[in-house]
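To start, the structure under review is shown below, and the notes come after it.
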Amino acid sequence: NAGVMQNPRHLVRRRGQEARLRCSPMKGHSHVYWYRQLPEEGLKFMVYLQKENIIDESGMPKERFSAEFPKEGPSILRIQQVVRGDSAAYFCASSTSGFNEKLFFGSGTQLSVL
Amino acid sequence: EDQVTQSPEALRLQEGESSSLNCSYTVSGLRGLFWYRQDPGKGPEFLFTLYSAGEEKEKERLKATLTKKESFLHITAPKPEDSATYLCAVQASGGSNYKLTFGKGTLLTVNP
């Protein structure tokens, strides 16, 4: 019974490149959340998605960031034209409902921007 | 804006030395308060959800309690394997509030 799977675990990009982070939720979970953890900061909410729908993207920067959760396949967090300030750990979580009764987190993707 | 403050930032205990971690919160209306444990290089692992003042939950050596302004995570006779960062988070009530607001965590180290 696999948990939430994120890949890659580590991603290195140069400034101006694109980063794509993938998240496969737990089996049976149709609710996906992305959180970002900056050094010395707490986890910050970015976006909440259900299959084919963005429900709440209030934590996403207005530019360069986008997220999707297609009918088939993993959820993708896409960062265009990365800058050094994007360096962080990005965590995906999934649940069976939209009200966070119990979130299951993946091990995260550590993004480093050179 | 919802806020969560955890103290202390770091805590060192000897094995068997009981203590408590604090989580103070400000939220317009509380749907739930959550405790997670995070090990280095891993994602947070769910521990407890508390919904109303006076509620308590226990799991092994951990006990979480909730008041209208704060929550405590009590650790009784800790073992080295309890070493981790403990995160507190709140979710506000209201129909469209899906996000959790996390504190920065308390790094607990239990020495043998």
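The values are calculated or read from the model by the stated rules, or taken from the named source; none is laboratory data. What you are looking at is a predicted structure, and each value in this text was computed from that prediction instead of being measured. Cβ atoms come from the backbone with ideal geometry, glycine included; neighbour counts cover every protein chain shown. Note: accessible area is taken over every heavy atom of the protein model, side chains too, but ligands, DNA and RNA are not part of it. Shrake-Rupley method; radii C 1.70, N 1.55, O 1.52, S 1.80 Å.
Loop-located trypsin sites (Lys or Arg not before Pro) in segment A:38-114 (DSSP state not H, G, I, E or B) with no more than 14 neighbouring Cβ atoms inside 10 Å: A:Lys51, A:Lys62, A:Lys71, A:Lys102. In terms of Cα to Cα distance under 21 Å, which lysines are near enough to A:Lys71, apart from those fewer than 8 places away along the same chain? A:Lys71 reaches A:Lys27, A:Lys51.
Taking trypsin sites (Lys or Arg not before Pro) across segment B:22-83, the ones in a DSSP loop with at most 11 further Cβ atoms lying within 10 angstrom of their Cβ are B:Lys68, B:Lys69. Compared with the direct C-alpha span, the chain from A:His29 to A:Ser87 gains 18.1 nm at full extension, assuming 0.36 nm per residue.
For segment A:5-42, the set of GluC sites (Glu not before Pro) satisfying both a DSSP loop assignment and a count of at most 10 other C-beta atoms within 10 Å is given as A:Glu40.
Convex hull volume of the Cα atoms of the protein assembly as shown, normalised per residue: 124 Å³. Take each residue in B:96-108, count the other chain C-beta atoms within 10 Å of its C-beta, and the mean is 5. Residues considered: B:Leu13, B:Leu33, B:Leu73. Largest GNM mean-square fluctuation over chain B, using C-alpha springs under 10 Å, is found at B:Leu13.
How much length, in nm to one decimal, is gained on full extension between A:Gln17 and A:Ser66, taken as 0.36 nm per residue of separation minus their Cα-Cα distance?
Values: separation 49, 0.36 × 49 = 17.64 nm, distance 1.46 nm.
Answer, rounded to one decimal: 16.2 nm.
Inter-chain neighbour count for B:41-49: the average number of beta-carbon atoms from partner chains within 10 Å of each residue's beta-carbon is 6. Other protein chain C-beta atoms within 10 Å of residue C-beta, averaged over B:23-34: 1. For segment A:1-23 and segment A:31-87, what is the separation of their C-alpha centers, rounded to whole Å? Going from one Cα centre to the other spans 12 Å.
Summed over both chains, the contact between A and B buries some 1700 Å² of accessible surface at a probe radius of 1.4 Å. A Förster radius of 22 Å, combined with the Cβ-Cβ distance separating B:Glu56 from A:Ser97, puts the computed FRET efficiency at roughly 0.40. Which entries of A:Lys102/B:Lys63; A:Lys102/B:Lys42; A:Lys62/B:Lys68 have Cα-Cα distances beyond 26 Å here? Beyond 26 Å between Cα atoms: A:Lys62/B:Lys68.
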